[in-house]
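Here's the structure we're looking at; comments come further down.
The values are calculated or read from the model by the stated rules, or taken from the named source; none is laboratory data. The model shown is predicted, which means the values in this text are computed figures rather than measured ones. Reconstructed Cβ throughout: ideal geometry from the backbone, glycine too, with neighbour counts over all protein chains shown.
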Amino acid sequence: MKLGNHLHRIGNDIVAVHLIVTDEGITVVDAGLPGHWRELTAELAALGRSVHDIRGVVLTHGDTDHLGFAERLRRDHGVPAYVHAADAARARGETRTQPAWGPVKLGPTARFLGYAARKGGLRTTYLTEVVEIADGDVLDLPGAPRVIGMPGHSPGSVAVHVPVADAVFVGDALTTRHILTGGRGPQPAPFTDDPDEALASLDRLADVRATRLVPGHGAPWEGGVEEAVRRVSAVAGRR
């Protein structure tokens, strides 16, 4: 689905994968769930492209619902996967965490778990090799994505600013659809390692100029980065 110039999405508001499409090739931001592979190849075919046009996958963090088909791309097609050094072990499956779930409502949680199961989320293929990145890096990939360190949801969570797409991808630094409660609009994401650190990291978005703030779960937000941060802070009780 086309979201804007150079910006396409597969998946949905429960779990989303984003493609930066340029003449030089394609950058994938997060890799969703394994079952998103079919949607990936279908979207590429509709664009007249193929997996051979993908130059890299940039992971906003190393959680399983963002790893999806990343290892398949790396192993079968030589596409490198980029992840912050602090989440490299997480993306390789060498470290596991069990952060608190937070508030839960039965219906939305069941829909999330059912969707994840249908898309192969019960079996994770971890990465065996990663390219480690750091805060401030501008990657040599289509769209020249810039890495913004956003620790909190995980130690190596990042946002990815892509000016050519007029978008900043925030992974789970915040959400606009809470997968466990169904709540809509900018708010803290569940399964966060350190909620206080995650809130503090949102201040790092203050200087980002982008029309779209794009989370890994939920619809893109076009009400301004500053307003999104304000709303997340308000929901979290920080004024």
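Within the bounds of the range 41-48, is there any residue that is surrounded by 19 or more Cβ atoms within 10 Å (Cβ to Cβ) and in a helix (DSSP H, G or I)? So far as the range 41-48 goes, yes, one or more of its residues are surrounded by 19 or more Cβ atoms within 10 Å (Cβ to Cβ) and in a helix (DSSP H, G or I). Taking the conditions exactly as written (crowded, with 17+ Cβ neighbours inside 10 Å, out of contact with any Cys (no Cβ under 7 Å at 6 or more places or on another chain), within 27 Å of residue 95 (Cα to Cα) and among the aliphatic types (A, V, I, L, M)), does residue 205 satisfy them or not? Judged against the criteria, residue 205 is not a match. If you check residue 176 against the conditions, is it at pLDDT 95 or above, part of a strand (DSSP E or B) and not small (Gly, Ala, Ser)? Yes; evaluated as a whole, the condition is true for this residue. Within the range 137-151, the set of residues being small (Gly, Ala, Ser) and crowded, with 22+ Cβ neighbours inside 10 Å comprises 143 only.
Residues in the range 25-40 that are surrounded by 17 or more Cβ atoms within 10 Å (Cβ to Cβ) and assigned to a strand (DSSP E or B): 26, 27, 28, 29. When residues of the range 1-24 are filtered for being surrounded by fewer than 17 Cβ atoms within 10 Å (Cβ to Cβ) and in a strand (DSSP E or B), how many remain? Final tally of qualifying residues: 2.
Can you tell me how many residues within the range 132-181 are among the β-branched types (Val, Ile, Thr) and without any contact (Cβ under 8 Å) to a residue 24 or more places away in the chain? So the count comes out to 1. Which residues, taken from the range 22-44, are touching a residue at least 60 places away in the same chain (Cβ under 8 Å) and in contact with a His (Cβ under 8 Å, 6 or more places away or on another chain)? Within the range 22-44, 22, 29, 30, 32 meet the criteria. Are there any strands (runs of 3 or more DSSP E) wholly within the range 69-167 with 1 or more residues that are under 19 Å from residue 214 (Cα atoms), and if so which? Ranges flagged: 81-84, 146-149, 158-162.
Taken over the range 49-59, the criterion of being part of a loop (DSSP other than H, G, I, E, B) and in contact (Cβ under 8 Å) with a residue 12 or more places away in the chain is satisfied by 49, 59. In the range 216-239, the residue that is surrounded by the most Cβ atoms within 10 Å (Cβ to Cβ) out of those that are under 17 Å from residue 4 (Cα atoms) and in contact (Cβ under 8 Å) with a residue 60 or more places away in the chain is 216. Of the set (1) surrounded by fewer than 21 Cβ atoms within 10 Å (Cβ to Cβ); (2) among the charged types (D, E, K, R); (3) closer than 24 Å to residue 1 by Cβ, all apply to residue 172 but (1). Each residue in the range 184-207 was checked for being touching a residue at least 60 places away in the same chain (Cβ under 8 Å) and either on the phi > 0 side of the Ramachandran plot or over 17 Å from the mean Cα position of the chain (by Cα) (or both), and 1 of them qualify. Could you check the range 4-36 and list, in sequence order, the residues that are closer than 22 Å to residue 163 by Cα and either of a type in the set (S, T, N, Q) or modelled with pLDDT under 95 (or both)? If the condition is that a residue be closer than 22 Å to residue 163 by Cα and either of a type in the set (S, T, N, Q) or modelled with pLDDT under 95 (or both), then 4, 5, 22, 27 are the ones that fit.
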